[in-house]
Amino acid sequence: MNVIEEQALVDDLRRRGDHLVRAASLSCTAEQYRSAARKVGRKHGWRIRTFLVGGGAGIIVVWTDREQTDLEQRAVMDAVSTGRNYDEVLEEVRRQNLRPVDGA
């Protein structure tokens with residue numbers, strides 16, 4: 001796993017608790033990536049699970065002990081019920097939750 005791949009993994013895990021990557025786009029083998037992802041998890045104190053999907057065409061990394069925020073749970077319910085993209089729904093829910101700060 002190179003530095004760019006590691007940063008993308010960490011960013012996605014922090015932002016949403018999971019990360020999906022196509023195996024063909026990696027700088028290493030799928031097994032090397034999965035091993036490196038678990039090392040990244042240990043480095044941050046996160047419990048990480050990795051899964052091959054699509055017959056090995058992709059890898060999903062999941063931060064198993066991460067708790068969802070209320071906004072994330074709302075976005076999941078909305079995305080599942082409407083079939084919309086989760087990231088788009090989450091961004092929309094976060095924007096709706098913004099409030100102006102008085103005295104600024």
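The values are calculated or read from the model by the stated rules, or taken from the named source; none is laboratory data. None of these values were measured; they are calculated from a predicted model. Cβ placement follows ideal geometry from the backbone for every residue including glycine, while neighbour counts extend to all protein chains displayed.
Annotations
- Complete set of residues in segment 57-93 that are assigned to a loop (DSSP other than H, G, I, E, B) and within 23 Å of Lys43 (Cβ to Cβ): Thr64, Asp65, Arg66, Glu67, Gln68
- Consider segment 9-38 and keep the residues that are exposed (fewer than 14 other Cβ atoms within 10 Å of the Cβ) and under 16 Å from the mean Cα position of the chain (by Cα). The one that is nearest to Arg74 (Cα to Cα) is Arg15.
- Within segment 18-73, tally of residues that are charged (D, E, K, R) and out of contact with any strand residue (DSSP E or B) (no Cβ under 6 Å at 6 or more places or on another chain): 10
- Filter result for Gly58 (at positive phi and either surrounded by 13 or more Cβ atoms within 10 Å (Cβ to Cβ) or not acidic (Asp, Glu) (or both)): no
Listed here are the residues, each with its yes/no results for (1) modelled with pLDDT under 90; (2) among the β-branched types (Val, Ile, Thr); (3) in contact with a Gly (Cβ under 9 Å, 6 or more places away or on another chain).
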{"site": "Gln32", "(1), (2), (3)": "no, no, no"}
{"site": "Val40", "(1), (2), (3)": "no, yes, no"}
{"site": "Val61", "(1), (2), (3)": "no, yes, yes"}
{"site": "Ala75", "(1), (2), (3)": "yes, no, no"}
{"site": "Glu92", "(1), (2), (3)": "no, no, no"}
{"site": "Arg95", "(1), (2), (3)": "no, no, no"}
